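Asker: I'd like to ask you about the structure that follows.
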Amino acid sequence: MRNRYMEYVLIESQSREPDPTKPDDFPMTEGQIRMANRIKTEMGMVAVRSGQRNIKVEMSDDYYVYAKIPANTKKKGVLSVMFMAHLDVTPEVDTNHAAARPVVHQNYDGGDIILRNDSVLSPNTPRGAHLKDLVGKTIVTGDGVALNGADCKTGCAILVTLFERIAYAGKDFEHGDIYFCFSQNEDVGLAAMRMEMSYLDKVPDILIDVDGGDYGKFSVANFTAEGRTYLIKGNSVHASNAKTNGYADARTAMAYFIGQLPPEVHPSNSEGHQGYIHCYASNMLNDGNDYRISFRIRYFDKADSARFAGYFNKAVNRTLTAFPNVDIVLEKSGLQYDNIAHTMHPQTAPVILAAAKKTGIKMEPEELRAGTTGAMMVAAGLPLPGAACIYSGQQAEHSPFEWACIEELLDLTNLCQEIVAQIYKL
């Protein structure tokens, strides 16, 4: 497991943000392609060496990797399951490193871990708090500058190991149909965009997304997420003759627009099931004449979708009234991910809890103020059930402090295998 995980980390598979002016843009980096080829080759070799000729491993034109281990039982009515992880890592952390250099800390002593750039990963901070539970274990970190890739190289390592175990077990481990999907561009919100159901010979009954970052937790619900991008268009006019020449001050209009949104729906005022609107990016265009602003909209309650849309409509109308020379264009608007609770198979949580009890692994349900690959699949209208997202061993994700524990990845592989066993017992 250690070698597999570290080899995945050494493949720098950062995705990049799509071009907002191109609705069908699906960017693909060389590292993502390398990661896909590595996983496909590795699983293909397992399929051949196991002697099970009916195992399928395929890669799509968009570098998604799909696999299936067919049922090996005569028992009728066994539910099928699909496990998911993603091959890309976030572009949020900018780095000039060609690859994150993994560092192994064997027999962890419970103290601070000094990284290569002299930064500290401490068990006394939120990003390192789980280290307190892992004294004596094998910890893999990055160098404190580049991404380690724990999100979601941990899930990839777990699922390839699970695939390997079940393939080699053969008839010694009875099970129903087991599917695997390794997606791309999850960290830029596009995991569902090029998911192809044609690679699955049927719709799996239960979905498990191995990509969670909360220790001992799995999701049973999550935010619905929408995204909006506005273009505020202006012009260049000397300020002294601004009124006469119809000055359209896009920058001031942008600030006014953002200020029209109620502060009570800002993320800093949101908790629990409360939704929010977040302006997370603004970009100057055309030498400062135009500005693009991007918003995240999140909510559990479906009624908030219409309420928040109303806030945006008022903001547009008030801004156009205050600054009649500017033009405001809604460039992009749409559902990014949806609540998995609406379509999750009713046996999903019970089999996870039963497997956790059998393996002695902490695993509790939670409602996420976040989104997952499975939530993206639901939003895309794919005929898939809502996927529970289970803890994958990734810690301090989306930061240079990303880390994982190798023994924990093995424990989570045991958990996934036991989930298959519990599904078989239903």
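Asker: Using the structure shown, decide if residue 292 is under 24 Å from residue 193 (Cβ atoms) and surrounded by 14 or more Cβ atoms within 10 Å (Cβ to Cβ).
Answerer: Yes: the conditions hold for residue 292.
Asker: While we're on this one: Does residue 298 meet the test of being assigned to a strand (DSSP E or B), buried (at least 20 other Cβ atoms within 10 Å of the Cβ) and in contact with a Leu (Cβ under 9 Å, 6 or more places away or on another chain)?
Answerer: No.
Asker: Moving on. Restricting attention to the stretch 196-212, report how many residues are surrounded by 18 or more Cβ atoms within 10 Å (Cβ to Cβ), of a type outside the set (Val, Ile, Thr) and either free of Cβ contacts under 8 Å to residues at least 12 places away in the same chain or out of contact with any Cys (no Cβ under 7 Å at 6 or more places or on another chain) (or both).
Answerer: 4
Asker: Name, by its number, the condition in (1) within 19 Å of the chain's Cα centre (by Cα); (2) assigned to a loop (DSSP other than H, G, I, E, B); (3) closer than 21 Å to residue 416 by Cα that does not hold for residue 361.
Answerer: Every condition holds for residue 361 apart from (1).
Asker: Sticking with this structure for a sec: Taking the stretch 337-358 only, how many residues are surrounded by fewer than 20 Cβ atoms within 10 Å (Cβ to Cβ) and under 18 Å from the mean Cα position of the chain (by Cα)?
Answerer: 1
Asker: Still on this structure, I have one more. Taking the stretch 370-394, which residues are touching a Phe, Trp or Tyr at 6+ places or on another chain (Cβ under 7 Å), crowded, with 18+ Cβ neighbours inside 10 Å and not β-branched (Val, Ile, Thr)?
Answerer: 371, 375, 376, 379, 388, 389, 391
Asker: If residue 261 satisfies every condition in (1) in a strand (DSSP E or B); (2) crowded, with 17+ Cβ neighbours inside 10 Å but one, which is the exception?
Answerer: Every condition holds for residue 261 apart from (1).
Asker: Outside any loop (DSSP other than H, G, I, E, B) and under 20 Å from the mean Cα position of the chain (by Cα): which single residue out of 381, 334, 371 fits that description?
Answerer: Result of the check over 381, 334, 371: 334.
Yes or no, residue by residue, for (1) under 20 Å from residue 319 (Cβ atoms); (2) out of contact with any strand residue (DSSP E or B) (no Cβ under 7 Å at 6 or more places or on another chain):
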{"residue": "210", "(1), (2)": "no, no"}
{"residue": "216", "(1), (2)": "no, no"}
{"residue": "220", "(1), (2)": "no, no"}
{"residue": "224", "(1), (2)": "no, no"}
{"residue": "234", "(1), (2)": "yes, no"}
{"residue": "237", "(1), (2)": "yes, yes"}
{"residue": "246", "(1), (2)": "yes, yes"}
{"residue": "254", "(1), (2)": "yes, no"}
{"residue": "276", "(1), (2)": "no, no"}
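Asker: Another question, if that's okay. Among the residues in the stretch 92-110, are any farther than 30 Å from residue 37 by Cα and either surrounded by 16 or more Cβ atoms within 10 Å (Cβ to Cβ) or of a type in the set (A, V, I, L, M) (or both)?
Answerer: Looking through the stretch 92-110, at least one residue is farther than 30 Å from residue 37 by Cα and either surrounded by 16 or more Cβ atoms within 10 Å (Cβ to Cβ) or of a type in the set (A, V, I, L, M) (or both).
Asker: Those residues that are among the aliphatic types (A, V, I, L, M) and surrounded by fewer than 24 Cβ atoms within 10 Å (Cβ to Cβ), I need them from the stretch 395-408; list them, please.
Answerer: 396, 406
Asker: So, one more: Checking residue 248 against (1) more than 21 Å from residue 337 (Cα to Cα); (2) touching a residue at least 12 places away in the same chain (Cβ under 8 Å); (3) assigned to a strand (DSSP E or B), which single condition isn't satisfied?
Answerer: Only one criterion in (1) more than 21 Å from residue 337 (Cα to Cα); (2) touching a residue at least 12 places away in the same chain (Cβ under 8 Å); (3) assigned to a strand (DSSP E or B) is unmet by residue 248, namely (3).
Asker: Looking at the stretch 117-133, can you tell me whether even one residue there is within 30 Å of residue 26 (Cβ to Cβ) and either outside any strand (DSSP E or B) or in the same structural domain as residue 344 (by TED's automatic domain parsing) (or both)?
Answerer: The answer is no; no qualifying residue exists.
The values are calculated or read from the model by the stated rules, or taken from the named source; none is laboratory data. Just so it is clear, the structure is predicted and the values come from calculations on it, not from any experiment. Backbone-built Cβ (ideal geometry, glycine too); neighbour counts: all protein chains shown.
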